[in-house]
Amino acid sequence: MSQETLQSVAPITSPSVKSVGPDLTLVWYGLGIAALLAAPFFFYPIFLVKVLCFALFACAFNLLLGSCGLLSFGHAAFFGAAGYVAGHAAKEWGLPFEAALVCGTATAAAIGLLFGYVSVRRQGLQFAMITLALAQLVYFLALQLPFTHAEDGLSAIPRGKVLGMFDLNNIFVLYYATAAVFLIGFIAMHRMTNSTFGQLLRAIRDNEPRAISLGYEVHRYKLMAFVLSATMAGLAGSTKAIAFKIVALTDVHWSTSGSVILMTLLGGLGTLFGPVVGAAVVVSMEDYLADSGLPINAVIGAIFILCILLFRRGIVGEIQQRFGKR
């Protein structure tokens, strides 16, 4: 791509998006990896596994909404469908952990390509409603197809071994394997959003007519972003299915799509660590309120409204806004 083209694109990228210098990025990665290594000695590993799976799911959603400005109400379709396929591959086909993840992730990518081809030419509410309708189609397929077992779900999924050597039934092995999957997906999405491709997505988000006038095929870039987001959501769903040995209709239900939107907005849309923080907060609240007898969804909704009033840019976004200048 020529220098003149990049210069013409640069003015329409969001002024609020600032790249982190390479030295600071390495520091953050170092701190993050250290935190991942030490976390299971301070928190219950299975709880952390759930947090990491939903954090990866939220990062995948943030790739689409934060970078491209496309609000999808159907991301649970990729998350749940990948989980069903990965669980079936591990249980019925006897595939190892890595191969089951590949099957589930590839399924999510294929569904994302189909859904994206249908929906990316629409914008705003039309795009959101199309993704919701297509996701409901996946939900009804999960309710009817024989290998999903309808309301009973797909259970007793074997975890297997990582690289054929480390038994995933050991909770520490399970945690570190999940942390490795999360870290690979997180780094991949970070590199994409800070590449020329990510810059073009932000350009399309901020001023699509100008991007078209510069000669970019915006629908192709939107489709690529949609497929990449669906792929990472499928990776998260596949990992969760094998880690918890079960896939249920909840994983493809519209409420799961709503939860990932909540996580992303609560943590900070378009920020690097916002979706991770949002996922940690929402999963923690669900876990803490599970035995309280309170209506969990209503309480989380009220807390979400309160956080939106106090942190209009999300938790991480507000911290960056207030302390970034210092």
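The values are calculated or read from the model by the stated rules, or taken from the named source; none is laboratory data. Every value quoted in this text rests on a predicted model; they were computed, and no experiment measured them. We place every Cβ from the backbone using ideal geometry, glycine too, and count neighbours over all the protein chains shown.
For the range 252-307, the tally of residues that are farther than 13 Å from PHE54 by Cα, charged (D, E, K, R) and out of contact with any Phe, Trp or Tyr (no Cβ under 9 Å at 6 or more places or on another chain) stands at 1.
Considering each of PHE54, PHE79, PHE73 in turn, give the residue that is surrounded by fewer than 24 Cβ atoms within 10 Å (Cβ to Cβ) and on the phi < 0 side of the Ramachandran plot.
Values: PHE54 fails: surrounded by fewer than 24 Cβ atoms within 10 Å (Cβ to Cβ); PHE79 fails: surrounded by fewer than 24 Cβ atoms within 10 Å (Cβ to Cβ).
Of PHE54, PHE79, PHE73, the one residue that is surrounded by fewer than 24 Cβ atoms within 10 Å (Cβ to Cβ) and on the phi < 0 side of the Ramachandran plot is PHE73.
Does ALA302 count as modelled with pLDDT of 90 or more and not basic (Lys, Arg)? Explain how you work it out, then say what you get.
Details: modelled with pLDDT of 90 or more: no; not basic (Lys, Arg): yes.
Against the criterion (modelled with pLDDT of 90 or more and not basic (Lys, Arg)), ALA302 does not qualify.
Does ILE157 count as under 25 Å from GLY74 (Cβ atoms) and not in a helix (DSSP H, G or I)? The answer is yes for ILE157. Evaluate the following for ALA35: is it surrounded by fewer than 18 Cβ atoms within 10 Å (Cβ to Cβ), modelled with pLDDT of 70 or more and closer than 25 Å to LEU266 by Cα? When the stated conditions are applied, ALA35 passes them. Within the range 95-137, being within 19 Å of the chain's Cα centre (by Cα), β-branched (Val, Ile, Thr) and surrounded by fewer than 20 Cβ atoms within 10 Å (Cβ to Cβ) holds for one residue alone: VAL102. Restricted to the range 160-196, and to residues there that are polar (S, T, N, Q) and assigned to a helix (DSSP H, G or I), the residue that is farthest from GLY94 (Cα to Cα) is THR196. Within the range 34-45, residues that are within 12 Å of TYR176 (Cβ to Cβ) reach partners that are β-branched (Val, Ile, Thr) with beta carbons closer than 6 Å, at six or more positions or on different chains, in the pairs PRO45/ILE171. So, VAL247, is that one within 28 Å of GLY69 (Cβ to Cβ) and either surrounded by 14 or more Cβ atoms within 10 Å (Cβ to Cβ) or of a type in the set (Gly, Ala, Ser) (or both) or not? The answer is no for VAL247. The criterion of at least 2 residues that are among the small types (Gly, Ala, Ser) and surrounded by fewer than 13 Cβ atoms within 10 Å (Cβ to Cβ) is met by the following helices (runs of 4 or more DSSP H) wholly inside the range 250-326: 296-310. State whether the residues of the range 218-229 include one that is over 30 Å from PRO96 (Cβ atoms), of a type in the set (A, V, I, L, M) and either under 12 Å from the mean Cα position of the chain (by Cα) or buried (at least 22 other Cβ atoms within 10 Å of the Cβ) (or both). Yes: the range 218-229 contains one or more residues that are over 30 Å from PRO96 (Cβ atoms), of a type in the set (A, V, I, L, M) and either under 12 Å from the mean Cα position of the chain (by Cα) or buried (at least 22 other Cβ atoms within 10 Å of the Cβ) (or both).
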